[in-house]
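Since the structure comes first, as structure tokens, the remarks are kept for the end.
The values are calculated or read from the model by the stated rules, or taken from the named source; none is laboratory data. Model, not experiment: these values are computed from the prediction. Every residue, glycine among them, receives a Cβ derived from its backbone with ideal geometry; neighbour counts consider all protein chains shown. The accessibility values were calculated without ligands, DNA or RNA, using every heavy atom of the protein model including side chains. Shrake-Rupley method; radii C 1.70, N 1.55, O 1.52, S 1.80 Å.
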Amino acid sequence: MSRTSPAALATSVGRRYRSGLHETRTAAWLGVALGVAFGVCFLTGVWSHLAQDPPSWFTYPARPAGLYRVTQGVHVVTGTATIPLLLAKLWVVHPRLVEWPPARSVLHAVERAALLPLVGGALFLVVSGTANVARWYPWTFFFPRAHFWAAWITIGALVVHTGAKVGATRDVLRSPARTTSPGPATPGADDEVPMDAPVTTVGATPGDRRAFLVGVAAASGVLAVATAGGTVSPLDRFSVLAQRRPGVGPQGLPVNKTAVGARVVELARSPDYRLVIEGERAERCELTLADLRAQPQHEATLPIACVEGWSASARWRGVRVRDLVALAGVDASRAVTVESLQPSGLYRASELNPQQVADPDTLLALEIDGRVLHIDHGYPARLIGPNRPGVAQTKWVARLVVR
Amino acid sequence: MTASGLPATTSRRGLAWGLALGLPVLGYGLRGVAIDAARTHPAELARWVVGAAVVNDLVLIPAAIAVGWTARRLVPSRAWAAVRGGLLATGALALVAWPFVRGYGRDPANPSLLPRNYGAGLVAAVIVVWTVVGSVLVVAEIRARGRRRGQCR
Ligand code: HEM
């Protein structure tokens with residue numbers, strides 16, 4: 001049996017953390033920043049979920065056209081920029097791990113138990129998000145669902161933690177910072193754990209704290225710039241970790257799913273291609289590519305805004321979806337399912353709500369920037385509409401089903 | 001330790017509110033994982049969440065502490081704050097860059113995906129970071145000398 005008590009051991013381990021930054025004030029500042037960052041990611045993430053999988057009580061708006069590109073760009077860039085913040089926070093509070101006793105009361109045990117979904121969840125969100133942007137899937141679950149539900153778990157745990165710490169955070173951030181240094185973190189009494197001592201006896205100097213927080217903010221800024229260029233094109237030169245480059249791709253536009261990957265090459269090039277419009281209330285019609293070209297054509301400048309955070313604008317030309325629906329004798333007040341030639345795949349079909357169907361810029365596009373669509377952009381015809389995630393801009397469209 | 005059996009930084013009322021508001025949200029997430037089990041693979045997801053916390057607490061942060069401990073002894077204390085910021089930025093860049101540099105997600109059919117040389121990009125970014133750290137230190141040093149001279153004369 002060991003002669004040292006666990007409490008003494010915990011205290012002695014706690015003392016090995018020599019930096020004064022393992023203190024409440026720094027933890028609180030980083031906590032506030034993390035709260036804002038996770039809040040932004042959560043709201044934009046839920047928004048993206050509503051765009052792709054809207055519940056019956058919610059109508060996802062067709063406008064403003066560039067909204068989704070902004071919300072999703074913010075989501076991915078903020079999430080990436082949060083990594084240094086999160087690592088800094090977890091370094092600052094690391095001495096807490098070895099507290100003894102591990103729980104002082106039932107309530108304390110509950111508070112600490114909620115740290116596992118908080119810390120594990122927060123790390124999982126940034127790790128899985130980054131891996132997904134790099135198209136690396138070292139797991140078998142379906143990323144969007146795992147990430148989405150893990151976000152609810154993490155935010156729930158964050159609300160618990162914020163409640164627990166909001167009082168200390170407010171006190172600490174309101175009270176003036178000390179101006180003299182107490183030296184390295186040395187708890188006053190033997191039975192004290194460093195982090196638990198009042199902030200006024202243990203901690204960093206204001207100058208060191210400021211320098212540390214500035215360093216963390218700068219590291220976050222570096223990561224933001226390193227990834228944002230996929231959607232903020234002037235940053236392209238500096239965004240050495242962006243998944244895409246604006247202008248790189250067939251016809252100057254990046255591609256997500258290729259025709260080869262979707263196994264549609266033959267079907268898309270076949271002279272037998274027909275667009276079918278049907279539905280319970282519609283008169284079934286079939287149009288050849290020549291028929292589509294003979295319809296009134298409209299132009300719209302709209303972005304492809306990928307869920308993975310990149311976006312790029314192009315000038316599209318084609319037939320309004322509402323005109324096509326009208327050909328089948330239906331007015332634009334109905335929802336439409338847009339189906340691809342793709343034989344399978346989660347994203348082979350997408351939904352247009354009545355607002356989106358009615359929008360004059362919701363097109364079945366045949367051309368991009370004045371040229372016939374490249375097959376990787378959905379030749380012979382693709383859906384393009386305002387304020388939609390890229391995965392819902394169905395390519396190689398074969399069927400419109402009026403609901 | 002406080003009389004309430006909670007750490008000094010935890011407020012009992014705040015925690016009660018946090019539990020009242022946060023647990024339903026957390027529960028909604030757990031329910032979602034369970035209902036969507038065919039796509040969320042709950043056991044694997046749990047391994048990832050717990051594994052992330054364990055790897056962070058037992059590997060990543062201790063490694064950061066070791067690096068910091070070593071670097072602290074090699075670097076003059078005036079320079080430490082800037083160097084620490086540089087180390088954090090370098091570490092975070094390297095972690096994020098890892099799957100890009102390895103190119104796990106490359107698709108030969110789709111050259112527009114992951115089109116950059118990410119290894120070279122990482123090196124360039126790290127050079128920029130340390131150039132900034134160096135410039136900050138030079139400026140601070142010049143200022144400090146100016147101040148010292150000002151005091152002497
Ligand atoms: C994703 C976000 C966050 C994570 C992962 C996180 C993580 C942690 C962890 C692990 C601890 C140590 C707790 C213990 O062992 O007792 C802690 C402490 C703390 N957190 Fe957070 N936190 C986050 C957000 C926040 C927010 C939003 C606030 C502000 C309202 C905050 C304020 C604090 C404070 C004041 C402490 C106490 C430090 C001390 O005991 O001296 N945190 N945090």
- [ ] Check A:T24, A:T11 and return the single one that is within 14 Å of the ligand (Cβ to nearest atom) and either hydroxyl-bearing (S, T, Y) or within 11 Å of chain B (Cβ to nearest Cβ) (or both).
- [x] A:T24
TODO: Working only within the stretch B:77-130, note down all residues that are acidic (D, E) and either more than 17 Å from A:Y137 (Cα to Cα) or more than 8 Å from chain A (Cβ to nearest Cβ) (or both).
DONE: none
Task: Criterion (open to solvent by 70 Å² or more (accessible area, probe 1.4 Å) and in contact (Cβ under 8 Å) with a residue 12 or more places away in the chain) met by exactly one of B:R73, B:R47, B:R102, B:R78 - done: B:R78
- [ ] Output the residues belonging to the stretch A:44-65 that are touching a residue at least 24 places away in the same chain (Cβ under 8 Å) and open to solvent by 40 Å² or more (accessible area, probe 1.4 Å).
- [x] A:W47, A:H49, A:Q52, A:P54, A:T59, A:R63, A:P64
TODO: Mind listing whichever residues of the stretch A:113-129 are open to solvent by 10 Å² or more (accessible area, probe 1.4 Å) and either in contact with a Pro (Cβ under 9 Å, 6 or more places away or on another chain) or more than 8 Å from chain B (Cβ to nearest Cβ) (or both)?
DONE: A:A113, A:L115, A:L118, A:L125, A:V126, A:G129
Open item on the list: One residue is enough: does the stretch B:57-68 have a residue meeting the conditions in contact (Cβ under 8 Å) with a residue 12 or more places away in the chain and open to solvent by 30 Å² or more (accessible area, probe 1.4 Å)?
Closed with: yes
TODO: Return a yes/no flag: does the stretch B:32-41 have any residue that is at the interface with chain A (Cβ under 8 Å from one of its Cβ atoms), of a type in the set (A, V, I, L, M) and part of a helix (DSSP H, G or I).
DONE: yes
Open item on the list: For the stretch A:41-151, give me every one of the helices (runs of 4 or more DSSP H) that falls completely inside it and has 3 or more residues that are within 10 Å of the ligand (Cβ to nearest atom) and in contact with a helix residue (DSSP H, G or I) (Cβ under 8 Å, 6 or more places away or on another chain).
Closed with: A:67-92, A:115-133
- [ ] Return a yes/no flag: does the stretch A:234-242 have any residue that is in contact (Cβ under 8 Å) with a residue 40 or more places away in the chain, open to solvent by 70 Å² or more (accessible area, probe 1.4 Å) and not hydroxyl-bearing (S, T, Y).
- [x] no
TODO: Scan B:G5, B:G121 and give me the residue that is at pLDDT below 95 and either closer than 25 Å to A:N256 by Cβ or of a type outside the set (F, W, Y) (or both).
DONE: B:G5
Task: Selected residue [open to solvent by less than 30 Å² (accessible area, probe 1.4 Å), of a type outside the set (A, V, I, L, M) and within 19 Å of the chain's Cα centre (by Cα)] from B:G91, B:G29, B:G18, B:G86 - done: B:G86
Task: Cross-chain or 6+ apart pairs with Cβ under 7 Å, the stretch A:163-182 first and within 12 Å of chain B (Cβ to nearest Cβ), then modelled with pLDDT under 90 and within 13 Å of the ligand (Cβ to nearest atom) - done: A:V172/A:V199
TODO: Considering only the stretch A:289-322, state which residues are buried (at least 16 other Cβ atoms within 10 Å of the Cβ) and acidic (D, E).
DONE: A:E308
Open item on the list: I need every pair where a residue in the stretch A:310-321 that is more than 14 Å from A:A381 (Cα to Cα) has its Cβ under 9 Å from the Cβ of a residue that is in a strand (DSSP E or B) and among the polar types (S, T, N, Q), sequence separation at least 6 or different chains.
Closed with: A:S313/A:T301; A:A314/A:T301; A:R315/A:T301
Open item on the list: Taking the condition of being more than 7 Å from every other protein chain (Cβ to nearest Cβ) and open to solvent by less than 30 Å² (accessible area, probe 1.4 Å), how many residues in the stretch A:130-142 meet it?
Closed with: 2
